[in-house]
Amino acid sequence: MVPDPHADLDLVRRALQRDRHGLQELAGRLRCVPRLLAVRNARLGGALRPEELADLSQDVLLIVWGKLKEYRGLSALDGWLYRICRYEYMNALRRLRGRAESLDELSLDPSQESNPWEFEDVHRGLERIGDKESEVIRLKHFEELTFEEIGARLGISPNTAKARYYRGLRALEPLLEKRGSPAR
């Protein structure tokens, strides 16, 4: 089943309005947070101890609740949660280890984990580029879809999806560089 960002946005709105059923459904959806963090931790060799992972899960849930009003339904809620978990996990590694090591020094796969731009800067940049391009970038990175899957979802060819993706990246890069972030 393909996630429906519009239904997710409705769920978030109901939860923010303190609708009892909306809050219950959201609580069920947020059960993925500890699992996402545990999987990331296992993929990275168990860098965090179990008690650190439990603390991080609680911290991430608080962060998610605080950012919930920022969810716009541009991607599935699960993809949005995944990105927050990933970002906060890497912050926790730096914070808990008391050093600002680069991802390469942590022996991570830089092609999967390194991201020189701040999470919020990327979202602001995506809001400024074209809707078609930003939609493809969100589907590619936040939901980790292939160009074939993106094309099927949007009713376009995989080549059109690819063209929009790379056009969007070219438009996004200078916006992020202006914020003082490094270029890729």
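The values are calculated or read from the model by the stated rules, or taken from the named source; none is laboratory data. These numbers come from a predicted model, not from an experiment. Heads up, the Cβs are rebuilt from the backbone with ideal geometry, glycines too, and the neighbour counts pull from every protein chain shown.
At a glance:
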read-out: Set Ala15, Ala47, Ala38: member being part of a loop (DSSP other than H, G, I, E, B) and in the same structural domain as Arg94 (by TED's automatic domain parsing); value: Ala47
read-out: Exclusive hit being closer than 23 Å to Ile150 by Cβ and either crowded, with 17+ Cβ neighbours inside 10 Å or of a type in the set (A, V, I, L, M) (or both), set Leu81, Leu26; value: Leu81
read-out: Which listed residue, of Glu52, Glu118, is surrounded by fewer than 18 Cβ atoms within 10 Å (Cβ to Cβ), at pLDDT 85 or above and closer than 29 Å to Ala15 by Cβ; value: Glu52
